[in-house]
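The values are calculated or read from the model by the stated rules, or taken from the named source; none is laboratory data. All figures in this text were calculated on a predicted structure; none of them were measured in a lab. Positions of Cβ are backbone-derived with ideal geometry, glycine not excepted, and every protein chain shown enters the neighbour counts.
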Amino acid sequence: MKAYAAVDLGASSGRVMVGRVGPDSLELAEAHRFPNRPVRTPDGLRWDILALHAGVLDGLRAAGADTGGRVDSVGIDSWAVDYGLLDADGALLGNPVHYRDARTEGVAEKVWATVPAGELYAATGLQYAPFNTLYQLTAARDSAQLAHAKRLLLIPDLLSYWLTGEQGTELTNASTTQLVDPRTRDWSYDIASRLGIDLGMFAPLRQPGDPAGALRAEVLEETGLRGPVAVTAVGSHDTASAVAAVPAVEERFAYICTGTWSLAGLELDTPVLSEASRAANFTNELGLDGTVRYLRNIMGLWLLQECVRAWGEPELGELLRGAARVPALRSVVDAGDAAFLAPGRMPERIADACRGSGQPVPESRAEITRCILDSLALAHRRAVNEAQVLADRPVDVVHIVGGGTRNALLCQLTADACGLPVAAGPTEAAALGNVLVQARAHGLVGDLAGMRGLLARTQPSTRYEPQGDTARWRAAEARLAAR
Ligand code: ADP
Ligand code: LRH
């Protein structure tokens, strides 16, 4: 058995997991979990990157305590699009800006004045999201920080650099910058040059599975791990790692990665770059082994997280039990709406959206929670249905992975809304995908299908059969579209 440490940084928490992989076995154990709390400074919303780095070091120390100081390799994945800038000495310039920061408001229109939105989609396949790195870099164009920057490292690449001293840009996460061509799986040189973005700022591309250096002597000393310990590039976009760990053995499946976001869609061999796809705001992010993650971003459990924060952190189980007793589909909001992106006042904003669309206003915590879960299930339905049509790829089953698999009501509502069986699990999919790519780089598991077979044989999954008539979901969808 080999032991791999997977560092998986989600928007709500970071964790270091230890994966033990044998010829036909796969076990995952949590070594350390820590909160990921963004900080609002006078300059805007920032990631607390030092706290995250400290969490990684604590996690590696805990992993070593579990494995007698031996791990065979370390891999890092995190949320997408964000980055740190380094100066000529390789020192970090400022705290990385959070993708929910308001600096990109109104920036897209400036970009589209140079490269029209349709052309941008045809070249990069990326959905419009205000936080795509391309828009962030445009927003920062005249900043002193960018003027002094010599290097840009995406978050997992930055943390990997701090662990190893080596720099690279991992491809799956690079594909979320909107500066990559999903057909060539290389930089989109034309788009970058027309928008005045210097691709020389990026370190050379790395593929998932490539070596990414070894833990520095100081890191070994601080964590108590016994060297040498390799660092391996994984699908460093958390969603790429999570999709790699969808335990699908059937051909015709859709997936929903549920956590802070819901990422719902299909795995394809080639991107869908049609105008209809752009209008539907589907993205073509890059996955393992030449695959394309054709999906839509849905606001996800962020809506609930923000309500829970506003309510002073009541117990989640209690809220969900209350929501289960509230009648279904009384009011729904558009869970794809970027109006819900920013933090703050979430219960009021949900109530406002219901009021504004002439629906009953949810008042109690149970009613608001129910409204969120119904709205998420409805958004899941829309994404799964539209992806099938746009990619011309029918599916028979929906796999749900990520933290949302712990929410049985959401899984059941998603099955009901889609009118398809849902297979829920694994919960820590991103960490498992991370571990399996490391194991594969060290010759332990086979191709993507082999990885998925191993997951299906070893990881628990819960099946939800669709209940009730999908007509009421269709009606709710029409109601929302009409507003
Ligand atoms: P991320 O990786 O984006 O930080 P996760 O995949 O860890 O997110 O998922 C976090 C979400 O999982 C939480 O917002 C919460 O809604 C859900 N969740 C976590 N624990 C439970 C639980 N015990 N019951 C129901 N839902 C849960
Ligand atoms: C999920 C995620 C998602 C991105 C968003 C910024 O954690 O990586 O795939 O779109 O964060």
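Restricting the stretch 94-113 to residues that are within 16 Å of ligand 2 (Cβ to nearest atom) and under 30 Å from residue 429 (Cβ atoms) leaves a set whose member that is surrounded by the fewest Cβ atoms within 10 Å (Cβ to Cβ) is 100. Among the helices (runs of 4 or more DSSP H) confined to the stretch 40-149, the ones with at least 2 residues that are more than 21 Å from residue 8 (Cα to Cα) are located at 107-114, 117-124, 133-139, 144-148. Whenever a residue of the stretch 248-268 is within 17 Å of residue 427 (Cβ to Cβ), its partners that are away from ligand 2 (no atom under 16 Å from the Cβ) and among the basic types (Lys, Arg), lying with C-beta atoms within less than 8 angstrom and at least six residues away or across chains, give the pairs 248/452. Screening 246, 272, 292 for residues that are away from ligand 1 (no atom under 16 Å from the Cβ), surrounded by 24 or more Cβ atoms within 10 Å (Cβ to Cβ) and at pLDDT 95 or above leaves exactly one candidate, 292. Can you tell me which residue within the stretch 176-228, out of those that are basic (Lys, Arg) and not in a loop (DSSP other than H, G, I, E, B), is surrounded by the most Cβ atoms within 10 Å (Cβ to Cβ)? By that ranking, first place goes to 206.
The single residue among 117, 147, 91 that is more than 23 Å from residue 172 (Cβ to Cβ), in contact (Cβ under 8 Å) with a residue 24 or more places away in the chain, surrounded by fewer than 18 Cβ atoms within 10 Å (Cβ to Cβ) and more than 16 Å from ligand 2 (Cβ to nearest atom) turns out to be 117. The strands (runs of 3 or more DSSP E) found entirely in the stretch 370-483 that carry 3 or more residues being in contact with a Leu (Cβ under 9 Å, 6 or more places away or on another chain) and not charged (D, E, K, R) are 397-401.
Among all positions in the stretch 299-308, there is no residue which is modelled with pLDDT of 95 or more and either surrounded by fewer than 14 Cβ atoms within 10 Å (Cβ to Cβ) or away from ligand 1 (no atom under 13 Å from the Cβ) (or both).
Across the stretch 419-447, which residue is surrounded by the fewest Cβ atoms within 10 Å (Cβ to Cβ) among those that are away from ligand 1 (no atom under 12 Å from the Cβ), within 22 Å of the chain's Cα centre (by Cα) and more than 21 Å from residue 77 (Cα to Cα)? Taking the candidates together, the pick is 423. Of all residues in the stretch 269-302, those being in contact (Cβ under 8 Å) with a residue 60 or more places away in the chain and part of a helix (DSSP H, G or I) number 8. Scanning the stretch 28-79 for residues that are within 16 Å of ligand 2 (Cβ to nearest atom) and among the aliphatic types (A, V, I, L, M) returns 45, 49, 52, 76. Would it be correct to say that residue 114 is of a type in the set (Val, Ile, Thr) and farther than 25 Å from residue 340 by Cα? Considered against the rule, which asks whether it is of a type in the set (Val, Ile, Thr) and farther than 25 Å from residue 340 by Cα, residue 114 comes out as yes. Within the stretch 248-261, at least one residue is small (Gly, Ala, Ser) and part of a strand (DSSP E or B).
Cβ-Cβ contacts under 6 Å between residues 6 or more apart (or on different chains), taken from a first residue in the stretch 303-322 that is over 16 Å from residue 350 (Cβ atoms) to a second residue that is within 12 Å of ligand 1 (Cβ to nearest atom), are listed as 320/409. Of the numbered criteria (1) without any contact (Cβ under 8 Å) to a residue 60 or more places away in the chain; (2) on the phi > 0 side of the Ramachandran plot, the one residue 81 fails is (1).
Evaluated against (1) closer than 30 Å to residue 147 by Cα; (2) of a type in the set (D, E, K, R); (3) within 16 Å of ligand 2 (Cβ to nearest atom), residue 267 falls short on exactly one condition, (1). For the stretch 336-369, filtering for residues that are surrounded by 15 or more Cβ atoms within 10 Å (Cβ to Cβ), more than 25 Å from the chain's Cα centre (by Cα) and assigned to a helix (DSSP H, G or I) leaves 6.
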